[in-house]
Amino acid sequence: AIFAIVALGVGFFAGLTVAKEAMLVTVKDYLNRHDFYDFRLISTLGFDKEAAEKFEENADAVEGAVSFDILYHMGDGNQGVIKAYSITEEVNTLKLLSGRMPQSGDECLVDSKLLGDSDVGSVLYLSEDNKEEDLERFAHGAYTIVGVVQSPLYLQYERGNTSLGTGKLDGFLYLPRDGFDVDYDTEIYVRFLQDYDLYSQEYAGFVDREEPYWEQMAKEAALGRYERIVREAEAELADAEKEFAEKKAEGEEELADAAQTLADAKAEILEGEQALEDAKKELAEGEQT
């Protein structure tokens, strides 16, 4: 019995040891096939689209993306909160389980955990309960589901938290870039072609070496967008002030012209009244004569 217990324990230990390595190899292969990112740069103000292009020379793949949380509902009454992403081509590529990829801005891909093959062809609506500023970020109010996908951004069943609705995300949604109505990126993904093992000291050291540089790059890009927005706002304000000054000068000139016209009219009236008095006097003298 003691021998059996020891053998069973050794067997479990050996199995767990092998399973860990096998799981790490499987996950690493999956992430490599779908080009999973190494760094995700985010900014509450967003990044100009040109920012991702400037970063390309310092990494193997850099791609800007957009993501927003939004309330949705389906025709069958199903509703909740979903995170909408723009489809990326070089980083975090999707695994299409059924259907096809979107061909226009009003088509979408949905989370395989949220909806199934039978929902392909259905329409997903953005709820009217959303704030106006949230709805304005999307180019359409409804999107036709054309495919079901898995995303390397979600390796487990939890979909994360949100400030909308119940505070919990039900799933994710992928749209073509023209499915959004924004001219900036909310995040930039950075990927390096390295062969470090997951959770290894080598990979941790690599990330530690690269992190300060990319943090600085993200700050500079976010600051650049902020300064550009401020400059544009100041230019618009200056133009408005100039237009106001021009309109004010025109108005004052028109007012001065009107005042002069009025003065001239009064002078003409006085002259007319004087002429009338003279005519009356002449008439009286004529009658007297």
* Given a Förster radius of 45 Å and the C-beta distance between H34 and F244 as r, what FRET efficiency does 1/(1 + (r/R0)^6) yield to the nearest 0.05? -> 0.25
* With springs connecting C-alpha atoms under 10 Å apart, model the chain as a Gaussian network and identify which of D170, D185, D208 has the largest mean-square fluctuation. => D208
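Using a Förster distance of 22 angstrom, determine the FRET efficiency expected from the C-beta separation of S98 and T144, and round it to 0.05. List each step's numbers first, then the result.
Working: r = 15 Å, r/R0 = 0.66.
After rounding, the FRET efficiency stands at 0.90.
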* To do: Tabulate in residue order the Karplus-calculated ³J(HN,Hα) for segment 68-81, using 6.51 cos²θ - 1.76 cosθ + 1.60 with θ = phi - 60°, rounded to whole Hz; enter x for Gly and Pro.
  => 9, 7, 8, 7, 9, 8, 10, x, 8, x, 5, 8, x, 10
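Within the set of other residues whose C-beta is less than 13 Å from the C-beta of G272, count the net charge using Lys and Arg as +1 and Asp and Glu as -1. Write out the running numbers ahead of the final one.
On the way: positive: K266, K280; negative: D264, E268, E271, E273, E277, D278.
Net charge around G272: -4.
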* Asked: How far apart, in nm, are the 7 Å Cα→Cβ label points at M74 and D264?
  -> 7.8 nm
* Treating each Cα of segment 170-229 as an identical point scatterer and ignoring solvent, apply the Debye formula and state log10 I(q)/I(0) at q = 0.16, 0.19, 0.20, 0.23 Å⁻¹. => -0.81, -0.93, -0.94, -0.99
* Asked: For D239, what is the net charge nearby, where nearby means another residue's Cβ is under 14 Å from its Cβ and Lys, Arg count +1, Asp, Glu -1?
  -> -3
* To do: Would you mind telling me the share, in percent, of accessible area of segment 171-232 contributed by carbon and sulfur at probe 1.4 angstrom?
  => 51 percent
* To do: Could you pull out the longest piece of the chain with no exposed loop chymotrypsin sites (Phe, Trp or Tyr not before Pro) in it, calling a site exposed if DSSP puts it outside H, G, I, E, B and it has at most 14 other Cβ atoms within 10 Å?
  => 1-156
* To do: Return one number: the angle in degrees, 0 to 90 and rounded to the nearest 10, between the long axis of the Cα atoms of helix 2-33 and the longest principal axis of the Cα atoms of the chain.
  => 40 degrees
* Asked: Just the accessible area per residue of segment 46-192, please: how many Å² with a 1.4 Å probe?
  -> 46 Å²
* Structure fact -> Sparse-neighbourhood loop hits (GluC sites (Glu not before Pro), segment 151-218; DSSP loop; Cβ within 10 Å at most 13 others) -> E158
* segment 115-147: GluC sites (Glu not before Pro) falling in loop per DSSP and having at most 13 other Cβ within 10 Å -> E128, E136
* Charge dipole (the chain, unit charges on Cβ, about Cα centre) - positive-most of Y157, F55, L126 -> Y157
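How high is the FRET efficiency between E285 and D257 when r is their beta carbon distance and R₀ equals 41 Å, given to the nearest 0.05? Walk me through the numbers before you get to the answer.
Details: r = 42 Å, r/R0 = 1.02.
Approximately 0.45, to the nearest 0.05.
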* **Inter-site label distance for E202 and E136 at 7 Å from Cα along Cβ, in nm** => 5.1 nm
* 27 Å Cα-Cα threshold exceeded, pairs from K49/K219; K131/K219; K28/K113; K83/K219; K54/K242; K49/K131 -> K131/K219; K54/K242
* Structure fact -> In terms of the charge dipole of the chain, which places +1 on Lys and Arg and -1 on Asp and Glu at the beta carbon, the residue among A265, L237, S67 farthest towards the positive end is S67
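Please tell me the relative contact order of the chain in percent, rounded to the nearest whole number, where contacts are Cα pairs under 8 Å and at least six residues apart.
Once normalised by length, the contact order is 24 percent.
Report the extension gain between E90 and F192 in nm, rounded to one decimal, defined as 0.36 nm multiplied by the number of residues separating them, less their alpha carbon distance.
Details: separation 102, 0.36 × 102 = 36.72 nm, distance 1.15 nm.
Residue separation times 0.36 nm, minus the Cα-Cα distance, leaves 35.6 nm.
Over segment 58-198, what is the relative contact order in percent, taking alpha-carbon pairs closer than 8 angstrom and at least six residues apart? Don't jump to the answer; show the numbers that get you there.
Numbers: 301 pairs, mean separation 55.2, N = 141.
Contact order relative to length: 39 percent.
Mind checking segment 60-107 for trypsin sites (Lys or Arg not before Pro) that DSSP puts in a loop (not H, G, I, E or B) and that have at most 16 other Cβ atoms within 10 Å?
On the way: sites: K83, K95, R100; in loops: R100.
For trypsin sites (Lys or Arg not before Pro) across segment 60-107 that sit outside H, G, I, E and B with at most 16 neighbouring Cβ atoms in 10 Å, the list reads R100.
For segment 1-73, what D do you get in µm² per second when you plug the Kirkwood radius from alpha-carbon pairs into Stokes-Einstein at 37 °C and 0.692 mPa s?
Values: Rh = 17.1 Å.
This corresponds to a translational diffusion coefficient of 192 µm²/s.
Would you tally the net charge around E287, using a Cβ to Cβ cut-off of less than 13 Å, leaving E287 out, and scoring K and R as +1, D and E as -1?
Numbers: positive: K280, K281; negative: E282, E285.
Result for the neighbourhood of E287: 0.
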* To do: Collect residues whose amide H, placed 1.01 Å from N in the peptide plane, falls under 5 Å from the amide H of S127; neighbours closer than 5 in sequence don't count.
  => L71, Y72, H73
* **Simple Cβ-charge dipole of segment 75-207, Lys/Arg +1 and Asp/Glu -1, about Cα centre, in debye nearest 20** => 380 debye
* Asked: Got a sec to turn the phi values of segment 132-148 into Karplus ³J(HN,Hα) couplings, 6.51 cos²θ - 1.76 cosθ + 1.60 with θ = phi - 60°, whole Hz, x for Gly and Pro?
  -> 4, 5, 6, 5, 5, 6, 10, 6, 9, x, 8, 9, 7, 7, 10, x, 10
* Structure fact -> A correct Karplus calculation of ³J(HN,Hα) over segment 175-183, with 6.51 cos²θ - 1.76 cosθ + 1.60, θ = phi - 60°, whole Hz and x for Gly and Pro, returns 10, x, 4, 6, x, 9, 10, 10, 10
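What dipole magnitude, in Debye to the nearest 20, does the chain give about its Cα centre under +1 on Lys/Arg Cβ and -1 on Asp/Glu Cβ?
2860 debye
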* To do: Would you pull out the residues with amide H under 5 Å of D181's amide H, same chain only if 5 or more places away, H placed 1.01 Å from N?
  => F138, A139
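The values are calculated or read from the model by the stated rules, or taken from the named source; none is laboratory data. This one's a predicted model, so the numbers in the text were calculated from it and none came from an experiment. With ideal geometry, Cβ positions are generated from the backbone for all residues, glycine too; neighbour counts draw on all protein chains shown. Areas reflect the complete protein model, heavy atoms only, side chains present, ligands, DNA and RNA absent. Shrake-Rupley method; radii C 1.70, N 1.55, O 1.52, S 1.80 Å.
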